[in-house]
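First the structure, in the form of C-alpha cells, and then the observations on it.
Every number here is computed from the coordinates shown, using simple stated rules; none is lab data. Being a predicted model, the structure only gives us computed values, none of them experimental. Neighbour counts are summed over all protein chains in view; Cβ atoms, including those assigned to glycine, are modelled from backbone coordinates with ideal geometry.
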Amino acid sequence: MAHIFNSIYDFGSKTYRLITSISKNFDFVLVLFVCCLSLQLLLIMSQIYFPIPFLYGSLLFVMYVQLTVKKIKNSVKLFNILPFLLAVLFYLYVLYSKSNQSTYLHFYYICSTLTNLIYPAFILLFVIKLLRNANSTIVILLELICFLFIGKSFFLLLDYLDYLNVINLDFNPIVVISVLIIISIVILGWFIIHKEKIDRNFAAPKNLKINEGDMDYCKEKIAVAMDSSQLYLDNNLNMFKLSQHLNISEHLLRHYIYEYLGTTFNDWIAEFRIQHAILLMKESQTNWKLDFIASVSGFKSRTTFNRYFKELFGITASDFRNKLS
C-alpha cells in the first residue's frame, strides 16, 4: 500500500509542477485544455470515469489569471488542483480495491457537475467585467468556453438523475455532452491556429492598471538576464521563452514591453542586438562580414539587421562601419 501512496504523491507533485509551469503561458493552457477534452471524449465513450473534468476548473482559473495579469500564490494553485488530486486518489483506490464503485460514481457525478458549474459561473458573473480592456477575442473565447461548460454541467446532472432513476429521459445526455466537448475542441483549436494573428492585433490590454511593483520586479529580472545571459543573441527568442527564463507571467512581460515601455517585443529585442553588433564592429581586431555580425548578434537575416540599424541610427550598418575606420 505504501508504494501506491508514494506513486500518488509523485503524481501530485508532477501535476502541481505542471500547473505551475503552464500558468505562465496561455498557449500551453489552451493546448492542455484541448488534450484533456479529447481524452475525456474517448473516456466517456468507453464509459471510463477517470476524473478529467476536475481539471477544467483549474485551467479556467489559469486562463483568467493570464488575462488579468495577476500573480497567484502557490497555496492558491494547490487549492485549485486539490479536487483533481483527491479525485485521482479516490479513483486509484477504487481501481485497486475493486470496491466502493457506486460511491465513487456519486462522487464523480456530483463533483464534476459542481466543478463544471462553479468555476465558469464565477468567471461570467464576477470576472468578465475585469477583462473588458483585454483582447475582445480572448474574452469571447473564455465566455464561450464558460457557457459550454455550464451546459455540460446541466446535462451531466441529467445523466446523474437518470443514473439514480429519478427521471427517465428519452435521449442520452452523454451524447449531448460529447457534442459540447467536440464544439469546445473546435473553438479552442481554431483559436490556437489563429492565435498569432490575434496576438498581432492584441499587443497588450489597454488602460489596465499596472502595478508599479510588478513593473520594477520585471525590469530588474530583465536587466540581470540581458546583461549576464545575453538572451537576445538567441535568434529564436520569443515572449514565451523569455518569460520562462525570467520565471514570470508571459502576460506580465507583455504588459511591461507593450504598455510600460511603449514598444513591441521585436523592436525591443532588436535594440539589444544592434548594440551588440556595434560593439563587435568597434573592435578593431575583428574584420567580420556584416552578415556574420548580424547572425551572431541574434538576427535571422541581414535584411532585418539593416532595417533596424537604419531605424535606430539613420544610416546603414555599412556606412556606420566606414565611419569607424
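Sorted from longest to shortest, the spans of the Cα atoms of segment 246-294 along the three principal axes equal 42, 22, 16 Å.
Provide the FRET efficiency to the nearest 0.05 for the Gln101-Asn168 pair, computing r from the beta carbons and using R0 = 22 Å.
0.40
Other residues within the sphere of radius under 11 Å centred on the Cβ of Thr113, judged by their own Cβ, net out at 0 (K and R +1, D and E -1).
Peptides 292-303, 228-239, ordered by how many other C-beta atoms sit within 10 Å of their residues on average, highest first, read 292-303, 228-239.
So what's the convex hull volume per residue for the Cα atoms of segment 212-324, in Å³? Each step should come with its number before you reach the end.
Details: hull volume 11.4 nm³, N = 113.
Normalising the Cα hull of segment 212-324 by residue number yields 101 Å³.
Computed over neighbours whose Cβ is under 13 Å from that of Leu180, the net charge equals 0, Lys and Arg +1, Asp and Glu -1. With both labels modelled 7 Å from their Cα along Cα-to-Cβ, the Asn306 to Leu39 distance reads 5.1 nm. Placing R0 at 30 angstrom, the Cβ-Cβ distance between Met215 and Leu144 gives a FRET efficiency of 0.40 after rounding to 0.05. Applied to segment 102-111, the Karplus parametrisation 6.51 cos²θ - 1.76 cosθ + 1.60 on θ = phi - 60° returns per-residue 3J(HN,Hα) values of 5, 5, 5, 4, 4, 4, 4, 4, 5, 6 Hz, with x for Gly and Pro.
In this simple spin-label approximation, Phe79 and Leu124 carry label points 7 Å from Cα along the Cα→Cβ vector, and these lie 2.4 nm apart. Computed from the Cβ-Cβ distance with R0 of 41 Å, the FRET efficiency linking Asn238 to Ile48 stands at 0.60.
Taking the highest mean first, how do the peptides 178-184, 148-154 order by number of other beta carbon atoms within 10 angstrom per residue? Before the final figure, lay out the partial values.
Details: 178-184: 17.0, 148-154: 20.4.
Ranked by mean Cβ neighbours within 10 Å, highest first: 148-154, 178-184.
Phi angles across segment 315-321 convert, under the Karplus curve 6.51 cos²θ - 1.76 cosθ + 1.60 with θ = phi - 60°, into 3J(HN,Hα) values of 9, 6, 5, 5, 5, 4, 5 Hz, Gly and Pro given as x.
Considering only the other residues whose Cβ falls under 9 Å of the Cβ of Leu169, what net charge follows from Lys and Arg at +1 and Asp and Glu at -1?
Numbers: positive: none; negative: Asp159, Asp162, Asp170.
Result for the neighbourhood of Leu169: -3.
Which one, Phe320, Tyr260, Leu242, projects farthest toward the positive side of the charge dipole computed for segment 212-324 from Cβ point charges (K/R +1, D/E -1)? Result: Phe320.
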